[in-house]
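Note sheet for the following structure.
The values are calculated or read from the model by the stated rules, or taken from the named source; none is laboratory data. All figures in this text were calculated on a predicted structure; none of them were measured in a lab. Cβ sites come from the backbone with ideal geometry, for glycine too, and all protein chains shown count toward neighbours.
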Amino acid sequence: MKKIFIFLPILLLALSFSSCGDDLDTSYSIFDDSIIKEKNEFDIWLDRYYVKPYNIKVIYNYVDIQSNYDYDLIPADFEKSKALTIAARYLWIEPYEEHVGSAFFRQYAPRVLHYVGNPGWKSNGSVVLGEAEGGLRISFFNVNAITIGDPTTLMRYIKTMHHEYAHIFQQKKITDPAFDQLTPEMYVSDNWTSSSEITAWRGGCISTYATSSPTEDFVEVYSIFVVNTPEWWENMLIKASTDASGNAVEGANLIKKKFDIVYNYYKESWGIDLYKMREIVGRRKKEIEKIDLNTLYK
């Protein structure tokens with residue numbers, strides 16, 4: 001797919017030249033990054049709500065050099081990119097501002113948000129929904145799966161945002177090594193797709209993806225906790241406490257121990273209280289179904 005996007009414009013130019021050469025503007029190259037294109041209404045909105053306050057650049061057009069060459073990727077839909085960016089402000093950026101302040105978020109914010117239309121498929125059959133690169137760039141995949149007008153379809157991306165943002169902190173300050181030793185036998189690298197959610201819970205991991213590594217497990221505990229309700233969390237712990245036959249297992253106790261380590265790390269190292277973050281995000285999740293974010297951020 002990448003080759004199509006790289007070479008198709010050249011083909012179109014050639015066809016245009018042969019059919020209507022007099023109309024072809026040859027004064028610039030479409031591959032010239034120095035060309036300053038006129039900003040549309042959304043670009044102006046981004047300047048106001050992302051660039052100026054946080055120095056965050058949102059790349060919603062397909063830019064090959066920004067993409068991961070391990071996957072065959074396509075551009076993100078423009079309207080869906082807008083919906084995601086607006087929701088991200090309300091459910092990701094502003095909760096941190098409300099809890100720890102705008103200066104804090106600005107200091108640790110990624111510098112680039114990059115959107116891709118489709119998932120990144122790995123060789124093990126798993127789907128990549130987000131990537132954080134050294135705290136500088138976060139890429140979000142499968143943006144085209146968003147349904148305009150249905151806020152619930154945005155939530156997996158909001159969870160991914162909290163997940164990848166948690167990685168940024170994790171990359172800056174060392175975490176408690178005791179976390180890695182709680183369930184070492186559960187970590188199976190790329191084979192995590194062979195497990196099921198309930199199996200992961202019973203084994204002491206918060207999700208199937210958490211079984212890929214201690215690093216991912218750590219931020220999965222963080223992100224899954226803050227974007228879900230207290231009722232969801234308690235129900236998960238109940239299911240994690242028994243096996244299929246109703247016999248007691250250690251899953252819930254292990255997840256609780258992991259949560260305590262994660263909670264203490266973000267509280268002591270960064271001043272982030274996961275309970276407070278969950279309360280803020282939960283309230284805003286309810287609000288987003290009733291308010292018009294396009295009107296709110298005029």
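Quick notes on this one:
- Condition met for Val262 (of a type in the set (Val, Ile, Thr) and closer than 18 Å to Ile93 by Cβ): no
- Residue within region 145-166 that is assigned by TED's automatic domain parsing to the domain that holds Leu46, modelled with pLDDT under 85 and not basic (Lys, Arg) present: no
- Screening Trp201 on (1) under 30 Å from Phe78 (Cβ atoms); (2) touching a Gly at 6+ places or on another chain (Cβ under 6 Å) shows it passes everything except condition (1).
- Checking Arg137 against (1) modelled with pLDDT of 90 or more; (2) surrounded by 15 or more Cβ atoms within 10 Å (Cβ to Cβ), the condition it does not meet: (1)
- Qualifying residue in region 168-185 (condition: within 15 Å of the chain's Cα centre (by Cα), at pLDDT below 90 and in the same structural domain as Lys285 (by TED's automatic domain parsing)): yes
- Condition check for Gly271: at positive phi and modelled with pLDDT of 95 or more: yes
- In region 181-290, counting only helices (runs of 4 or more DSSP H) that sit wholly within it, the ones holding 2 or more residues that are surrounded by 14 or more Cβ atoms within 10 Å (Cβ to Cβ) and hydroxyl-bearing (Ser, Thr, Tyr) span 214-227, 251-270.
- Residue among Glu234, Glu289, Glu268 that alone is of a type in the set (D, E, K, R) and touching a residue at least 40 places away in the same chain (Cβ under 8 Å): Glu289
Yes or no, residue by residue, for (1) of a type outside the set (Phe, Trp, Tyr); (2) modelled with pLDDT of 55 or more; (3) under 30 Å from Leu274 (Cβ atoms):
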position	(1), (2), (3)
Met1	yes, no, no
Leu8	yes, no, no
Phe17	no, no, no
Glu41	yes, yes, no
Tyr108	no, yes, yes
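- Among residues of region 211-231, those that are free of Cβ contacts under 8 Å to residues at least 60 places away in the same chain and in contact with a Phe, Trp or Tyr (Cβ under 8 Å, 6 or more places away or on another chain), counted: 10
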